Structures are given as structure tokens and as C-alpha cells.
Amino acid sequence: MGVPSLRKRLVAGNWKMNGSLDGNRRLLDELLAQSDVQPSAARPDAAQPNAAQPNAARPKCEVLVCAPYVYLPQLADALRESGIALGAQDVSVHAKGAYTGEVSASMLADIGCQWVIVGHSERRQYHQESSALVAAKVVAALDAGLTPIVCIGELLADREAGQAACVVQDQLEPIKALGKDVVERIVLAYEPVWAIGTGLTATPEQAQDMHGQIRAFMESDRLRILYGGSVKADNAAELFAMPDIDGALVGGASLDAREFLRIVAA
Ligand code: PGA
């Protein structure tokens, strides 16, 4: 359907505050056993001299998982050369110093992260993160070589009041103000708050409508825009068929390896 996009699909798992050393090991084992995501051919040291898997097809989709800070070293180890990349769920706006409890972008890079989620609605809601702070985190992440996945999305009350597009634009404004160069180095995730963890997914048409408006507002054909909010194996394909939906940020369903990989394959 539609014109094939040049934007590579991306599926990111957001484990949120879930996991344990044992549980993660089981989930990672299942993910790696069932995954046909291959190591990136761009990295010569990752070449697999395994004759049983000659010329493994390029993944049609980039895949990553974002885990709680404390488990990142465990995941970095397990996912090395797996073709599944690693991300954190938040980052400090500060580079270093007297900020007790904070973790800097360079620390995340140091430990093997390539990605970081910023501005998730749960951070905006429970930690009062403003859109200006989120934009500052984008800069901190990029400065350390991480790619930020910037979350935006309206509350149910905003949608019911016909304000969804305005709210999302307000959230995007400080990001857009960073300039086109920044905009094309980030990924956005449109996550209507009423769809997160509720089992209520936006319809593909509702999501496409907002993604189209976001792309127009950000003035970029190259920017990848993920959809998030109760994405499951059963609804992923119809969402991904939409021309401006470039993948998904997956919460609950990323804790089940089979379900997550069915979304990756959708
Ligand atoms: P959900 O979460 O898939 O469990 O709705 C998505 C998210 O919050 O990123």
C-alpha cells in the first residue's frame, strides 16, 4: 500500500520498570533464539564466518530494546553482535557532576547504548518533564552519539476537546527549534496517552492522520515517526501499512519474545 518508504522501519521495545537478572536472561534467550535479525554488515568485526548462514538477508527492520539502567550491562553483553540494539529509557540533561541519581548520555554510550527514549509520557506525567527539558535531553543525547527517540502524544481529554494536534505541536516546538539538522538525527514516537497500556490502540487512520500532521509540521520526509500505544502482533501490520508510520515503540508486548518478534515481522 502507498509509496514504498525510504525510511527503514524501526521497532523498539520499552521494557519500562520490569525485569530481573533471571527473567531478562530468559527473555533474551528467547529473543535471540527466535530472532532472525542479523548483525550489521556495516561492522566488519561483526561478520559471521558461519557457513550455515551465508548472505543472511538484511533485516527489513531495525530492532532495539530499552531496559532499566541497572540491566543495561547485562543486555549489552547478551545482545553484542546480535543485530538487536540497546537503548535506555531516559537520560540526564547534564553531562556530569553533582546530580545524585542521574545517568549521563556519555555513561549510556560508554556501556553500549546507541539509543535513548526521552520525554516518555510517564516521565512527563510523573516527573513533570517539560517539552523544553525534553529538547535539552535530545541535545545531550546527540552530543554523546546516542539517537534519541522523542515521545509526544495527547491525553484523552485533549483529543475529546479537539486539541490533540495543538498539544502535539506544542510538544514538538522546542525540538523543531533545534533545527533541521537535529530533526533528521532523531526518531519521534507518537504515543497517544490514552492508548498506552490500556489496550485501546488508535485506529490506523487516526494514527496516520496525526503522523501526517507531525511530518508536515516538522517539514521532513526523512524523519522516522513511530507509533506507540498498545501495539500488538495483531494490530502491527495494519499500522505499518500506513505511509507515515515508520515502526513502533512497544511497551507491554515487548516483554513477550514471541509477540515482540511477530511485531518485528509484521
Ligand atoms: P504499551 O506502551 O505498548 O504497553 O501501550 C507503549 C509505551 O509506553 O511506550
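Fewest Cβ neighbours within 10 Å first, please rank 198, 100 accordingly. Before the final figure, lay out each step's value.
Numbers: 198 12, 100 4.
The order, fewest Cβ neighbours first, is 100, 198.
Relative protection proxy for 77-85, 112-120, from highest mean packing down: 112-120, 77-85 (other beta-carbon atoms within 10 angstrom).
Find how much the distance from residue 34 to residue 143 grows on full extension, using 0.36 nm per residue of separation minus their present alpha carbon separation; answer in nm with one decimal. Display every interim value, and only then the final one.
Details: separation 109, 0.36 × 109 = 39.24 nm, distance 3.47 nm.
Full-extension gain reported as 35.8 nm.
Label separation (residue 205 vs residue 99): 4.4 nm, computed from points 7 Å beyond Cα along the C-beta direction.
Sites listed here are trypsin sites (Lys or Arg not before Pro) in the range 213-266 whose DSSP assignment is loop and whose Cβ has at most 13 other Cβ atoms within 10 Å: 222. For a test of the definition: using alpha carbon positions, the gyration tensor, and the 1.5 limit on a/c, classify the range 119-257 as rounded, prolate or oblate. It comes out rounded by the Cα gyration axes. Computed from backbone phi with θ = phi - 60° and the Karplus coefficients 6.51, -1.76 and 1.60, the 3J(HN,Hα) list for the range 131-148 is 5, 5, 5, 4, 5, 5, 5, 4, 5, 4, 5, 4, 4, 8, x, 8, 9, x Hz; x is used for glycine and proline. The GluC sites (Glu not before Pro) found in the range 97-153 that occupy coil by DSSP, while having at most 15 further C-beta atoms within 10 Å, are 102. The lysine pair tally for the chain, using Cα distances under 18 Å and a gap of 8 or more places or different chains, is 5. Once the C-beta distance of residue 177 and residue 237 is scaled by a Förster radius of 41 Å, the resulting FRET efficiency is 0.70 to the nearest 0.05. With a Förster radius of 22 Å applied to the C-beta separation of residue 198 and residue 166, the computed FRET efficiency comes to 0.50.
For the range 169-237 and the range 91-113, what is the separation of their Cα centres, given in Å? The two parts, judged by their Cα centres, are 26 Å apart.
Bear in mind that the values in this text are calculations on the coordinates, not laboratory data. What you see is a predicted model; the values in this text were computed from it and never measured. Cβ atoms come from the backbone with ideal geometry, glycine included; neighbour counts cover every protein chain shown.
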